[in-house]
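*Asks:* Below you'll find the structure I mean.
Values quoted throughout were computed directly from the atomic coordinates according to the rules given, and no laboratory measurement underlies them. Only a predicted model underlies this, so the values are computations on that prediction, with no experimental measurement involved. Here the Cβ positions follow ideal geometry from the backbone for every residue, glycine too, while neighbour counts run over all protein chains shown.
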Amino acid sequence: MKKKAIVIGAIILAIAIIFLSVYFITRPSTLGNINYSCRQSTSSISDFTFNGESGDNLKFSFSSDIESGTLDITLCDSQGNVVYNLDSAKESVTWFVLKKTDTYSLVAEYNNFIGKFKIKVTK
């Protein structure tokens, strides 16, 4: 009886280790994020850059509470060309596949902005 319990426990432990290993190898990696909030009208640009490879599947997680002003979020390549425009909805999750290997910038440009927004990019 005792040997059976030890064998079952060892099997369960081995399965748990395998699942955790697979998770840590395949989990999404965060490429960058912006978390901005202001109570007075502000105009500025927030951005971050990351290296992307052709075929990378990017996930954009976005949420906002815009009281006034405008917010434009774009993904640009290293030459400054707009590759993708994100919608500034209350909350959204969108996916985009990179067409070429390059250094990319996610740019949030806000004008006369009052409110808050968060955006996270994962691969």
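*Asks:* Name the single residue that is farthest from TYR36 (Cα to Cα) among those in the range 105-116 being buried (at least 21 other Cβ atoms within 10 Å of the Cβ) and hydrophobic (A, V, I, L, M, F, W, C).
*Replies:* LEU106
*Asks:* Now a separate question. Checking the condition touching a residue at least 60 places away in the same chain (Cβ under 8 Å), over 24 Å from SER37 (Cα atoms) and either surrounded by 12 or more Cβ atoms within 10 Å (Cβ to Cβ) or touching a helix residue (DSSP H, G or I) at 6+ places or on another chain (Cβ under 6 Å) (or both), which residue from ASP56, ASP102 passes?
*Replies:* Criteria check complete, one pass: ASP56.
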